[in-house]
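The values are calculated or read from the model by the stated rules, or taken from the named source; none is laboratory data. As the structure is a prediction and not an experimental result, all values here were calculated from the model. Cβ atoms come from the backbone with ideal geometry, glycine included; neighbour counts cover every protein chain shown. Keep in mind that these areas ignore ligands, DNA and RNA; they rest on the heavy atoms of the full protein, side chains included. Shrake-Rupley method; radii C 1.70, N 1.55, O 1.52, S 1.80 Å.
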Amino acid sequence: LVVPAAVAWVNLVGALPVPAVASGPRIVAPGGGLNVLQGCEGLDVLGLWLAAVAAAPLSWRGRLLGWTLGALLVFVLNQLRLWS
């Protein structure tokens, strides 16, 4: 999910003459590419966030909101990290 989303973002915003493509854990583009190694997909940060929200004194509605917004934030920040 991380690599295809990053490729879509690069193709949408980037000014490459040929679109970037996803090849397994690799983003391939003319003139180079990027390997997304295990551990660089943000799952460790997401796991910590889910555990922290689960341990917080919140209602179930608050937990669900925290998990949802936190997962979205981790995903967006990781995409920005890969794109920069």
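Among residues of the range 65-77 that are touching a residue at least 24 places away in the same chain (Cβ under 8 Å), those with a beta-carbon under 9 Å from a residue that is open to solvent by less than 90 Å² (accessible area, probe 1.4 Å) and not in a helix (DSSP H, G or I) at least six positions away or on a different chain give the pairs Val74/Gly42; Phe75/Gly42; Leu77/Gly42. Go through the residues of the range 42-57 one by one and say whether even a single one is touching a Phe, Trp or Tyr at 6+ places or on another chain (Cβ under 8 Å), in a loop (DSSP other than H, G, I, E, B) and surrounded by 12 or more Cβ atoms within 10 Å (Cβ to Cβ). Within the range 42-57 (the criterion being touching a Phe, Trp or Tyr at 6+ places or on another chain (Cβ under 8 Å), in a loop (DSSP other than H, G, I, E, B) and surrounded by 12 or more Cβ atoms within 10 Å (Cβ to Cβ)), the answer is yes, since at least one residue qualifies. Residues in the range 52-83 that are among the aromatic types (Phe, Trp, Tyr) and closer than 30 Å to Gly33 by Cβ: 2 in all.
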